[in-house]
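Notes to accompany the following structure.
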Amino acid sequence: MRQNGNTKMQIFGVHHVIWYLSQFMVLEPGDVVNTGTPAGVAMGRGPGAYLRKGDVMELETDGLGRQRQTVGQA
C-alpha cells in the first residue's frame, strides 16, 4: 500500500476548498473537485515511487465503491 488517507487528513477541509474555489468560478451540482492526495505524493521518495506500466491501482471511496485500474504506457 502506498497511500491510505481521507479528507479528514487534508490541510484545508472540504468546506474551505469549496468556498475558496467558488471565489473564482461557478460550481454546479455534480461538479467534481480533485483535491489531490492527503497522504502525500511520489515526489521526494525516489524513482521507484512512481507508477509504471503494469502497476495496479485500487481506489475506494465510502458510499461510492471501489475501482481497480492497471496503469498503461503514456
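When only C-alpha pairs under 8 Å and at least 6 residues apart count, what is the relative contact order of the chain, in percent?
Worked out over the chain, it gives 24 percent.
If packing is taken as the average number of other Cβ atoms within 10 Å across a peptide's residues, how do 2-8, 13-19 rank, most packed first?
Values: 2-8: 10.3, 13-19: 11.9.
Highest to lowest by the protection proxy: 13-19, 2-8.
Stretch residue 57-residue 26 to full length: gain in nm at 0.36 nm per residue minus the Cα-Cα span? Write down the numbers at each step before the final one.
On the way: separation 31, 0.36 × 31 = 11.16 nm, distance 3.20 nm.
Gain on extension, residue 57 to residue 26, equals 8.0 nm.
Provide Rg over Rh for region 1-60; use the alpha carbon set for both Rg and the Kirkwood Rh (inverse mean inverse pair distance).
1.05
Since every read-out is calculated from the coordinates, none of them should be taken as a lab result. Quick caveat, the model's predicted, so the values are computed rather than measured. Quick reminder, even Gly has a Cβ in these numbers, built from the backbone with ideal geometry, and neighbours come from all protein chains shown.
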